[in-house]
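Following: one structure in structure tokens, then a few remarks.
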Amino acid sequence: MTATIENAPIESPRSAAPVRRHRRFNIEKWGWIYMRASGVVLVVLIFGHLFVNLVSGNGVRAIDFGFVGGKLAQPFWQWWDVSMLWLALIHGANGMRTIVNDYASNRLVRNVFKGALVAAVVILILLGTLVVFTFNPCPAGSPADLLPSFCPVQ
Amino acid sequence: MSAAPTTDSAKKHPDIPLPKVPRGTLYRGREGMWSWVLHRITGVAIFFFLLVHILDTSLVRVSPQAYNAVINEYKTPIMGLGEAALVAAIGFHALNGLRIILIDFWSVGPKRQRLMFWIVIALWVILMAGFLPRQLMTIGAEFAGA
Ligand code: HEM
């Protein structure tokens with residue numbers, strides 16, 4: 001076995017997708033940076049989210065419309081949840097894109113999967129952002145015992 | 001240098017000793033590979049959970065009744081186990097994600113990747129030791145129907 005320094009024994013990663021080089025804007029580079037930057041922020045956002053919703057107080061049993069309404073009535077939690085929504089969805093979908101590139105060797109199959117990823121992310125980001133910012137914690141005509149305690153008596 | 005350098009390249013770089021066994025790969029075998037496998041599996045699992053989770057949370061925009069009906073499905077012992085699995089998956093993915101970042105940006109990261117893997121496992125065990133008793137209380141209360 002001849003292990004030469006020029007042919008260093010580090011194998012290059014294999015991916016079925018063709019690699020495009022020599023572009024002024026290298027999307028793979030920015031994807032790589034994004035995975036790491038969003039990952040660091042997501043650690044804080046997700047662990048905070050899990051602590052407040054699953055651990056503190058009564059855990060998951062405390063969650064109902066009144067609980068979520070109370071949180072989403074505050075700008076702090078609105079921005080917390082929306083940041084998590086955007087960062088996690090794009091991070092997850094970009095990670096899934098890597099995996100599709102690795103395993104789907106057929107170009108058509110690859111593009112169908114990636115199209116599905118883009119569609120899912122765009123729809124869910126729009127939906128989630130709309131829900132957080134157009135949400136009404138005290139919808140008219142709802143039984144008072146289902147609403148947050150700060151809602152005016154109807 | 002003990003191993004006699006015989007190849008041309010080794011003659012050109014006499015100060016770099018040849019490894020006795022193929023080395024220099026982070027991703028083949030042992031901790032490097034298994035951490036990658038686990039990172040990939042947990043990443044996919046969390047992604048699919050997230051898709052569903054955004055849809056169920058969006059029901060707060062429909063009506064209190066609709067949201068409560070669906071969220072009550074999470075308050076069963078079976079889903080309690082699912083939540084434990086979810087926390088286990090996210091806990092590993094997050095800790096190992098930080099390890100990946102350290103491998104990439106910390107000068108001695110690649111050298112310490114194996115040690116860092118076991119630190120990830122240790123921190124994950126501590127995390128789960130803190131979370132599981134709390135989650136078992138929840139599951140117990142769900143069984144009792146309280
Ligand atoms: C909790 C904080 C998180 C951290 C620190 C983190 C970190 C990372 C890092 C560093 C990578 C590697 C990227 C690369 O190799 O270029 C990665 C990949 C990935 N992440 Fe995350 N991540 C986090 C949360 C999430 C969430 C919430 C999801 C799902 C929505 C997710 C899904 C994925 C997927 C699918 C991959 C691709 C795995 C692969 O290529 O093998 N991650 N993550």
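The values are calculated or read from the model by the stated rules, or taken from the named source; none is laboratory data. These numbers come from a predicted model, not from an experiment. No Cβ is skipped: glycine too gets one built from the backbone with ideal geometry, and neighbour counts run over all protein chains shown. What goes into the accessible areas is simple: the full protein's heavy atoms, side chains included, and nothing from ligands, DNA or RNA. Shrake-Rupley method; radii C 1.70, N 1.55, O 1.52, S 1.80 Å.
Odds and ends about this structure:
- Cβ-Cβ FRET estimate between residue B:49 and residue B:121, R0 fixed at 25 Å, reported to 0.05: 0.65
- Of all stretches in chain A that contain no trypsin sites (Lys or Arg not before Pro) in a DSSP loop with at most 11 other Cβ atoms within 10 Å, the longest one is A:25-154.
- With R₀ set to 30 Å, the beta-carbon distance separating residue A:32 from residue A:55 gives a calculated FRET efficiency near 0.35.
- Buried area at the A-B interface (accessible, heavy atoms, 1.4 Å probe, summed, Å²): 4200 Å²
- Charge tally for residue A:65 (other residues, Cβ to Cβ under 13 Å; Lys, Arg +1; Asp, Glu -1): -1.
- Reciprocal mean inverse distance between Cα atoms of the stretch A:86-154 - Kirkwood radius, Å: 15.0 Å
- Residues in the stretch B:107-133 that, when all protein chains are in place, have 20 Å² or more less accessible area than the chain alone would give (probe 1.4 Å): B:127, B:131
- For the stretch A:69-111, pairs of C-alpha atoms spaced more than 12 angstrom apart make up 67 percent of the total.
- Applying the Karplus relation 6.51 cos²θ - 1.76 cosθ + 1.60 with θ = phi - 60° to the stretch B:50-64 yields 3J(HN,Hα) values of 4, 4, 5, 5, 5, 5, 5, 5, 4, 5, 4, 7, 7, 6, x Hz, where x marks Gly and Pro.
- Mean accessible surface per residue for the stretch A:29-137, computed with a 1.4 Å probe while every protein chain stays in place, in Å²: 50 Å²
- Backbone N within the stretch A:45-65 under 12 Å of label point (7 Å from residue A:135 Cα along the Cβ vector): A:64-65
- By accessible area, using a 1.4 Å probe on protein heavy atoms only, the stretch B:27-144 has 77% of its surface on carbon and sulfur.
- Accessible area (Å², per residue) of the stretch B:27-144, counting only protein heavy atoms and a probe of 1.4 Å: 53 Å²
- FRET efficiency for residue A:153 and residue A:78, using Cβ-Cβ distance with R0 set to 25 Å, rounded to 0.05: 0.50
- √(5λ) per eigenvalue of the Cα gyration tensor, chain A, largest first, Å: 44, 18, 13
- Helix-only mean residue ellipticity at 222 nm for chain A, each DSSP H run of n ≥ 4 adding -39500 (n - 2.57), per residue, nearest 500: -20000 deg cm²/dmol
- Directionally averaged projected area (the stretch B:27-144, Cα convex hull): 9.0 nm².
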